[in-house]
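Step one of this worksheet: look at the structure below.
The values are calculated or read from the model by the stated rules, or taken from the named source; none is laboratory data. Just so it is clear, the structure is predicted and the values come from calculations on it, not from any experiment. Cβ placement follows ideal geometry from the backbone for every residue including glycine, while neighbour counts extend to all protein chains displayed.
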Amino acid sequence: MVMKHIKKLYAFLIFFFLYAPIMVLIIFSFNESKSRGSWDGLTLKWYIELFKDRQIMSAMYYTLSVAILSSLIATAIGTAAAIGIDNMKRFKKSMIMNLTYLPVLNPDIVTGIALMLLFIFMRIRLGFLTLLLAHITFNIPYVIISVLPKLKQLNKHIYEAALDLGASPSYALRKVIIPEIMPGIITGFLLAFTLSLDDFVISFFTTGSGVSNLSITIYSMARRGINPKINALSTIMFITVLLLLIIINNRMSKNNTIKE
Amino acid sequence: MTKVFKTTLALLLVASIILAMTGCSEGKPTLKVYNWGDYIDESVLVEFEEEYGIRVIYDTYATNEDMYIKIKAGGSDYDVAFPSDYMIERMIKEDLLHEIDFNNIPNFKYISEEFKNLDYDSSNNYSVPYMWGTVGIIYNTTMVDDTVDSWDILWNEKYANQILMLDSQRDSIGITLKKLGYSLNTRDVNELEAVKDELIKQKPLVLAYVGDDVKDKMISEEAAMAVVWSGDAVYMKWQNPNLEYAIPKEGSNLWFDAMVIPKTSKNKENAELFINFMTSTDIAFKNTDYIGYSTPHVEARKLLDDELINDKTAYPSSEDLANCEVFKDLSDFLTEYDRVWTEVKAR
């Protein structure tokens, strides 16, 4: 009996510490006053001002477009690379895998500065393109790492069976291998998407005039104090992600019941 | 599978369309402005675009050093930036700034004479002041009953654990240098050692070394006094009428943010057009009104609320400023400041 209460309390504490900061942020996005020191009543004005703020809106647009594009491209490249790596001989495979892990372990700041120097050296003007290329670069290893385990689980004979039954290699790839490793691909995509969404260090060094993402914009407000508009924006983003999760969960549980 | 594929394709298409759209607007002349975060009334940018048909691309940074890296490294092409005093000096030294053609900035006449030809740009060829302010002590009149007119009060044991210091090495070391009667820009190691001892002595009394959160802490009366920038002090006093601001008699730091044209600029004339526009009376007034810092613009200042014009916090008298100094670029000697500050913080 006591154990049960302790368990509940433990779970409560974990969720409390995880979500308390977000709750505070959401509550203060409705605060009339700009200061967190005083509560002057409920308001929606920060939400209205948020959509009028050109800078935040453009930062949101760049954040989302870079996140979508870079995670899609990285997923495509990463999946193809993973399939290739999986079919390699042992020595080559471990060598390539080590090379893949390196950018993951490498501190962001090194990657960021290295990419910046590379772009400047190649005389590519820093801007949207360089930001996108940088994000694709740091996303690829994560996709490879999440797709590879699925490939290991995959029964090699399925592919051979498909070929035996007359499928061309590319047809077998599309109809047999890809559907089998789909959960890994989706995990990789989501991972890449989130990483791209909140990257600051690499973006800071690789972006140029006129292009800046949300983390850079929010950070640049540090000297004058974070504007409550940012609270409003974070609230919207949090609720969107929450809704997405609920929808996905719902669909998954529905699918499961149908199968049963 | 096909569903996922289709949505993916649709997203890609949408994204590429948006991309193409951003490409289109390249036809208009553009001006790239690099400013501190939340440091302009953004409607001003729209006004500029409408008046001159130039598209403004606006980016922001958090510290002088962030901005410096971006401009120094190349690869960016900003036309106007807003560095602070010591950073302007450094950028002039490193040949990163264009000389401004002041024939194109007729509105420069509105800038108060006392803010021209300052140390960081002694013949005023490179910069047009944007905002200025001081560093001082904000204190809660209900919690502090001594007169606050000296940095010594921050070392008064009566207020143990009620003092907030800035977590900023130049500012904290600077005010201690001033307390001891030295220059803010000292290059004397012995003076710095004396500062170190003072700061270590003060450390048990300090509640916290804070950054921007000082505003919320003082407004909610979590501490009795704090070292702050004057611009923030105006805002805090407005939020909590018990607060008062003082510039200690030993003198303090006087700071400026000014508009400059980096060498990365590709259309210097448009940059000058923008600087002149920013220095026109109504625009300078709008920005001052939004930001709440002190303007060096004589006419814009007259348009402010009487209350603010007469507020010694935002516009101190010249006697108050008599002992104040502007930060200079310390270049290599800065490592000594780093060391002292690290040693203080590590204690």
* Those residues of the stretch B:20-39 which are over 20 Å from B:Thr264 (Cβ atoms) and either among the β-branched types (Val, Ile, Thr) or at pLDDT 95 or above (or both), in sequence order -> B:Thr22
* Positions within the stretch B:278-291 being surrounded by fewer than 19 Cβ atoms within 10 Å (Cβ to Cβ) and either modelled with pLDDT under 90 or closer than 15 Å to B:Leu31 by Cβ (or both), in sequence order -> B:Asp289, B:Tyr290
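Test of understanding: among B:Ile40, B:Ile54, which residue is more than 12 Å from chain A (Cβ to nearest Cβ) and in contact (Cβ under 8 Å) with a residue 60 or more places away in the chain?
The match here is B:Ile54.
Give the residues of the stretch B:295-319 that are within 19 Å of B:Leu184 (Cβ to Cβ) and touching a Ser or Thr at 6+ places or on another chain (Cβ under 8 Å), sorted by residue number. Can you show your working first?
From the stretch B:295-319, those within 19 Å of B:Leu184 (Cβ to Cβ) are B:316, B:318-319; that's our starting set.
Scanning the stretch B:295-319 gives a single hit, B:Pro316.
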* Filter the helices (runs of 4 or more DSSP H) completely within the stretch B:204-322 down to those with at least 3 residues that are in contact with a helix residue (DSSP H, G or I) (Cβ under 9 Å, 6 or more places away or on another chain). => B:214-219, B:230-239, B:268-278, B:281-291, B:298-303
* Asked: Among B:Ala223, B:Ala271, B:Ala233, which is the only one that is under 17 Å from B:Asn35 (Cα atoms) and touching a strand residue (DSSP E or B) at 6+ places or on another chain (Cβ under 7 Å)?
  -> B:Ala271
* Asked: So which of B:Ile153, B:Ile200, B:Ile173 is in contact (Cβ under 8 Å) with a residue 12 or more places away in the chain and buried (at least 22 other Cβ atoms within 10 Å of the Cβ)?
  -> B:Ile173
* the stretch B:165-221, residues that are away from chain A (no Cβ under 14 Å) and among the polar types (S, T, N, Q) -> B:Gln169, B:Ser172, B:Thr176, B:Ser183, B:Asn185, B:Thr186, B:Asn190, B:Gln202
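The rows are residues; the columns are (1) facing chain B (nearest Cβ under 9 Å); (2) in a loop (DSSP other than H, G, I, E, B); (3) among the hydroxyl-bearing types (Ser, Thr, Tyr); (4) more than 21 Å from B:Lys32 (Cβ to Cβ).
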| position | (1), (2), (3), (4) |
| --- | --- |
| A:Ile216 | yes, no, no, no |
| A:Thr240 | no, no, yes, yes |
| A:Leu245 | no, no, no, yes |
| A:Ile248 | no, no, no, yes |
* From the list B:Tyr68, B:Tyr130, B:Tyr39, B:Tyr34, pick out the single residue that is in a loop (DSSP other than H, G, I, E, B) and crowded, with 18+ Cβ neighbours inside 10 Å. => B:Tyr39
* Quick one: B:Val4 ticks every box in (1) at pLDDT below 90; (2) under 24 Å from A:Gly225 (Cα atoms) except a single one, so which number is it? => (2)
* How do the pairs read when you match residues in the stretch B:280-307 that are in contact (Cβ under 8 Å) with a residue 40 or more places away in the chain with residues anywhere that are surrounded by 15 or more Cβ atoms within 10 Å (Cβ to Cβ) and basic (Lys, Arg), using Cβ under 7 Å and keeping only pairs 6 or more apart or on different chains? -> B:Thr295/B:Arg301
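Quick one: is A:Leu69 modelled with pLDDT of 90 or more, more than 26 Å from A:Pro169 (Cα to Cα) and among the hydrophobic types (A, V, I, L, M, F, W, C)? Walk me through it before giving the result.
Numbers: modelled with pLDDT of 90 or more: yes; more than 26 Å from A:Pro169 (Cα to Cα): yes; among the hydrophobic types (A, V, I, L, M, F, W, C): yes.
Yes: the conditions hold for A:Leu69.
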* Would you point out which residue out of A:Gly184, A:Gly225, A:Gly208 is surrounded by 15 or more Cβ atoms within 10 Å (Cβ to Cβ), touching a Lys or Arg at 6+ places or on another chain (Cβ under 7 Å) and farther than 30 Å from A:Ile144 by Cβ? => A:Gly225
* Asked: List the pairs whose first member sits in the stretch A:24-53 and is away from every other protein chain (no Cβ under 14 Å), whose second member is of a type in the set (D, E, K, R), and whose Cβ atoms are under 6 Å apart, counting only residues at least 6 apart or on separate chains?
  -> A:Gly41/A:Glu32; A:Thr43/A:Glu32
* **Condition met for B:Ala258 (over 19 Å from the mean Cα position of the chain (by Cα), buried (at least 23 other Cβ atoms within 10 Å of the Cβ) and within 17 Å of B:Tyr34 (Cβ to Cβ))** => no
* Structure fact -> Contact list, first residue from the stretch A:105-129 and within 11 Å of chain B (Cβ to nearest Cβ), second anywhere and in a helix (DSSP H, G or I) and among the basic types (Lys, Arg), beta-carbon distance below 9 Å, six or more apart or interchain, is A:Leu126/B:Lys70
* From A:Ile177, A:Ile158, A:Ile186, A:Ile226, which residue is among the aliphatic types (A, V, I, L, M) and in contact (Cβ under 8 Å) with a residue 40 or more places away in the chain? -> A:Ile177
* Do we find a residue being on the phi > 0 side of the Ramachandran plot and among the acidic types (Asp, Glu) anywhere in the stretch B:197-217? -> no
* Do we find that B:Ser172 is over 18 Å from the mean Cα position of the chain (by Cα) and small (Gly, Ala, Ser) in this structure? -> no
